[in-house]
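All remarks here apply to the structure that follows.
The values are calculated or read from the model by the stated rules, or taken from the named source; none is laboratory data. Just so we're clear, the structure is a prediction, and the values are computed from it rather than from any experiment. Glycine gets a Cβ as well: all are built from the backbone with ideal geometry, and neighbour counts include every protein chain shown. The protein model used for the area step is the full one, side chains on, heavy atoms only, and it has no ligands, DNA or RNA in it. Shrake-Rupley method; radii C 1.70, N 1.55, O 1.52, S 1.80 Å.
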Amino acid sequence: MIIGSPTERIKEERMVEITINGKKVSAPKGTTVLRAAEMAGIQIPKLCDHKHLAPYGGCRLCIVEVKGMRVPIASCTLPVSDGMEIETETEALKQSRKFILSMLFSDRNHFCPFCQVSGGDCELQNAAYHEEMTHWPIQPGWNHFITDTSHPYFILDNNRCILCRRCVRACAEMAGNFTLSVAERGASSMIVADTNVPLGDSTCIKCGSCVQVCPTGALIDRTSAYQAKDEQLTEIKSVCAGCSVGCSVNIMVRDNRIVRIEGDWDGDVNHGVLCEHGRYDPVTETRTRLTTPLMRVNGTLQPVSWEEALSAVQEKLQPLAGNKHGVAALASTRLPAETLSAFKDLFQNKFDSELVTSIEEGVPTAAVSKYAEKHAGFEGKIDTLRNSDTVLCIGANVNRSHMVAGFLFKRNLSKGIHLINIDPGESSLDEIAHMALKPNNGADLVLIRGLQAVIAKEGLERKSLNITDVDARIQKAVKETGIPLDKLTQAAQILAHAVSPVIIYGKGITAQRDETLIEELHQLAVQVGCVDEERNGLLSLKGEANSLAAALLGLDESFELNGHKAVYVALGDDHVSRSLAERVSKAPYLVVQASYESGITEKADVVLPVSTWSEQEGHYINLDGRIKKAEKLLSPPEHVRDNLDVLTDLAKRMSLTLDTDWQNAVRARKASVTLN
Ligand code: SF4
Ligand code: SF4
Ligand code: SF4
Ligand code: FES
């Protein structure tokens, strides 16, 4: 058991009774004294400790006196034991802490009043105020380090570093990336990336976890630097719309602008960690904003009023209601569930259009949803990734998308868990995988069946699949996948011997739109105990933030014009692929509601400027069925309207009333995961 690890991991049955400052405190066995004190509302000064990182015991600021022990001892690495009597605030301890801080301040550049994070953001400075330090009793002097400014999102200034190693631990324990370490020794010790290369040239995947945990100004966020002090910020909890993982975020807002995004330490999926997209995309947006409705007049798009734009759309679309080939409609899967549901109701139910889908066209979800119609809830929860000893990743590059899902198991690779990566193409996961299988294109089904057959032949099935053609399957797999028998056998053995295996699959599988593939993966999962009565470690990544909601609403068909007279695209702040943009552009009449200019808005006959993710509220259903609310963080520009509001207005103009019960709408179809 890891002492002082995140509270979720502390699962000791026995409680231990201790006394802190005369107060009786009980804490689970294995908890550290520091954490036990915090649970009881007693704060012990600390710097290197972080409740989401394993204890390090480097700064000594958290020292306490323990009855019977000769010297003060660091509470962040000291496990509680029955009858312990602890003092945290004696005069001797206060003097020692002051001395420890004096040493920290004397080493390197901590002229805090001039540091940009001073004024509330710096834990070192706050510790100094708390210990009532008034000056530096020891003359500062330090080796000067070169500041690393090579990274696009943050600066590393070793001159301000206190060597607490939170960043090193966050990179390894949270992101599973192991980029940072400490080089040199003693006073020359410094934080470096890889083999001391510039951060911008390193293996850093730009998740920003190191910056979020740094207690000083040694890691400085470039995107928010000088934009606000903590006291000027309003913090709003919300959900990231970067992908279907659905990470919880804390958004710092000032003057109708997002200053900074941090991972929510209480987030049920991500527990504080974010990826580059979640943390930085919303604050580094460079696309040109649409701020007024546009209408094509004599071949060019001209600014018009909302009245003119919506009247024109109504005039064109209303006569097409009831005609299956009248209006084809596409929505972004980044839109809230409320908007997606209204969109479906308008075009599928009220207009009776036969082509109402999403811009993902069901690529990440259609086959999964079809299979779920017969096997509802066949997929599990993302949490299984945390405690898995073997992960089979198939057609899912979590280094490229859904990165936080990858963090959940990559962080355990150094502890000996196995990763088998199956991807016919280039995959950066291959470098860290125990086994990288590269089947020929289109051979996934025979590969999965081959794995099942080897497991059966070796007598390793936890649940028998009663395969009758074992040898024929194996031969076929070897022949058609191009994977040698010894490798196939090794992969099957690793998977079958796992205690808590997880299988995650992504677009490489789902894009084939083959329900049988999903069924065989499910069978494999059952065969190796990945899915049984106690746990379910089978999961597909889905796509964008509301991919699952769109699929549950049936918005998962391929898009192909079939004599349609008009196309309506509710794009919001999303991007559209070039292939889809080309197909959509062939529409005789094109309406696009979008937040930003793009190739598709250029081709439109009417463009309706709408809110972005941060300017509207609404619900998202993440990849494992959690329903989360995204808050409205900002007011949109003056003539920009809410996505849902535009659809409702349009419907009203045509005397239609849209169904607002989105919860009911998304539950009408069986889901691959349990919604909660
Ligand atoms: S940004 Fe993430 S990957 Fe890069 S060094 Fe920091 S923690 Fe490591
Ligand atoms: S850079 Fe920040 S988090 Fe990393 S060791 Fe230095 S002070 Fe600690
Ligand atoms: S993994 Fe997805 S939801 Fe999480 S921070 Fe990244 S983009 Fe956002
Ligand atoms: S907080 Fe305990 S040693 Fe740093």
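First measure r as the distance between the Cβ atoms of Asp430 and Thr203, then evaluate 1/(1 + (r/R0)^6) with R0 = 22 Å and state the FRET efficiency to the nearest 0.05.
Here the calculated transfer efficiency is 0.95.
Taking one equal scatterer on every alpha-carbon of segment 493-566, how large is log10 of I(q)/I(0) by Debye at q = 0.26 1/Å?
These q points yield log10 I(q)/I(0) values of -1.22.
Under 5 Å between amide H atoms, partner at least 5 residues away or on a different chain: which partners does Leu419 have, H built in plane at 1.01 Å?
Val391, His434, Met435
Can you give the accessible area per residue of segment 205-294, in Å², using a 1.4 Å probe?
Heavy-atom SASA per residue in segment 205-294 reads 37 Å².
How much of the accessible area of segment 55-177, in percent, comes from carbon and sulfur atoms when a 1.4 Å probe is used?
56 percent
With the Cα gyration tensor of segment 149-263 in hand, convert its eigenvalues to equivalent ellipsoid semi-axes via √(5λ) and list them largest first in whole Å.
Equivalent ellipsoid semi-axes, largest first: 26, 17, 12 Å.
Shape verdict for segment 551-620, please, from the Cα gyration tensor: rounded (a/c under 1.5), prolate (a/b greater than b/c) or oblate.
oblate
Grab the Cα-Cα distance for Asp230 and Glu87, subtract it from 0.36 nm times how many residues apart they are, and report the gain in nm with one decimal.
Result for the pair: 48.3 nm of gain on full extension.
So what is the accessible area of segment 71-165 per residue, in Å², with the probe set to 1.4 Å?
Per residue, segment 71-165 has 49 Å² of solvent-accessible surface.
Can you give the angle from 0 to 90° between the axis of helix 470-481 and the longest principal axis of the chain, with both taken from C-alpha atoms, to the nearest 10?
90 degrees
Would you give the gap between the C-alpha center of segment 191-251 and the C-alpha center of segment 305-347, rounded to a whole Å?
So the two Cα centres are separated by 39 Å.
Find the percent of Cα-Cα distances in segment 627-668 that exceed 18 Å, and round it to a whole number.
49 percent
What's log10 of I(q)/I(0) for segment 380-475 at q = 0.19, 0.22 Å⁻¹, Debye sum over Cα points only, no solvent?
Normalising to I(0) and taking log10 leaves -1.00, -1.16.
For segment 283-420, what is the Kirkwood hydrodynamic radius in Å, using each pair of distinct C-alpha atoms?
Roughly 19.6 Å, rounded to one decimal.
Looking only at the chain, where both bridge partners belong to it, what percent of the DSSP beta bridges are antiparallel (to the nearest 5)?
In the chain, approximately 55 percent of DSSP beta bridges are antiparallel ones.
Just to be sure I understand: of the beta bridges DSSP finds with both ends in segment 515-666, what percent are antiparallel, rounded to 5?
Beta bridges within segment 515-666, antiparallel portion: roughly 35 percent.
If you place +1 on the Cβ of every Lys and Arg and -1 on the Cβ of every Asp and Glu, how big does the dipole about the Cα centre of segment 469-584 come out, in debye to the nearest 20?
Once rounded to the nearest 20, the dipole reads 360 debye.
For His619, enumerate residues with amide H under 5 Å from its amide H, sequence gap 5+ or separate chain, H modeled in the peptide plane.
Here Ala337, Glu338, Ala630 satisfy the definition.
Can you tell me what percent of all Cα-Cα pairs in segment 546-676 are more than 18 Å apart?
63 percent
Among Tyr153, Tyr280, what's the order by accessible area (1.4 angstrom probe), most exposed first?
Greatest to least solvent exposure: Tyr153, Tyr280.
If Lys507, Lys94 are ordered by their accessible area, calculated over protein heavy atoms with a 1.4 Å probe, which sequence runs from highest to lowest?
If we order Lys507, Lys94 from most to least accessible, we get Lys507, Lys94.
So how long is each side of segment 198-319 along the principal axes, counting just the alpha-carbon atoms, biggest first, in Å?
60, 34, 31
First select every other residue whose beta carbon is under 14 angstrom from the beta carbon of Ala472; then total the charges, Lys and Arg +1, Asp and Glu -1.
It works out to a net charge of +2.
Could you do me a favour and compute the accessible area per residue for segment 386-531, 1.4 Å probe, result in Å²?
Accessible area per residue: 40 Å².
Helix-only mean residue ellipticity at 222 nm, the chain, DSSP H runs n ≥ 4 weighted -39,500 (n - 2.57), per residue, nearest 500. What is it?
So the calculated ellipticity at 222 nm is -7000 deg cm²/dmol.
Test of understanding: express the Cα radius of gyration of the chain as a ratio to 2.2 N^0.38 Å, with N the residue count.
Output field value: 1.08.
Suppose every Lys and Arg Cβ carries +1 and every Asp and Glu Cβ carries -1, with no other charges. What dipole size does segment 600-676 come out with about its Cα centre, to the nearest 20 debye?
420 debye
Calculate what fraction, in whole %, of the accessible area of segment 535-676 sits on carbon and sulfur atoms when a 1.4 Å probe is rolled over the protein chains.
Ligands and nucleic acids excluded, carbon and sulfur give 46 percent.
Convert each backbone phi in segment 387-398 into a coupling constant with the Karplus relation 6.51 cos²θ - 1.76 cosθ + 1.60 (shift: θ = phi - 60°), then list the ³J(HN,Hα) values in order as whole Hz, x for Gly and Pro.
Per-residue couplings from phi come out as 10, 7, 9, 8, 10, 9, 10, 10, x, 9, 8, 6 Hz.
Just to be sure I understand: if I project the alpha-carbon convex hull of segment 26-111 onto a plane and average over all orientations, what area do I get in nm²?
Averaged projected area of segment 26-111's Cα convex hull equals 6.3 nm².
Contour minus end-to-end for Lys374 and Asn323, with contour as 0.36 nm per residue of separation and end-to-end as the Cα-Cα distance?
That pair, Lys374 and Asn323, stretches by 15.2 nm at full extension.
Contour minus end-to-end for Thr291 and Lys94, with contour as 0.36 nm per residue of separation and end-to-end as the Cα-Cα distance?
65.1 nm
Quick one: angle between helix 444-457 and the longest Cα principal axis of the chain, in degrees between 0 and 90, rounded to 10, please.
60 degrees
Compute the angle between helix 91-106 and the longest alpha-carbon principal axis of the chain, please, reported from 0 to 90 degrees and rounded to the nearest 10.
Between the helix axis and the principal axis of the chain, the angle is about 70 degrees.
Net charge within 13 Å of Asn399 by Cβ-Cβ distance, Lys/Arg positive one each and Asp/Glu negative one each, not counting Asn399 itself?
Net of charged neighbours comes to -2.
Treating only the Cβ of Lys, Arg, Asp and Glu as charged (+1, +1, -1, -1), what charge dipole size does the chain show about its Cα centre? Round to the nearest 20 debye.
In debye, rounded to 20, the chain gives about 720.
Setting aside same-chain residues fewer than 8 positions from Lys316, which lysines have a Cα under 29 Å from its Cα?
Within the straight-line cut-off, Lys316 pairs with Lys324, Lys344, Lys350, Lys565, Lys586, Lys603, Lys652.
Percentage of Cα-Cα pair distances in segment 420-566 greater than 18 Å, rounded to whole percent?
61 percent
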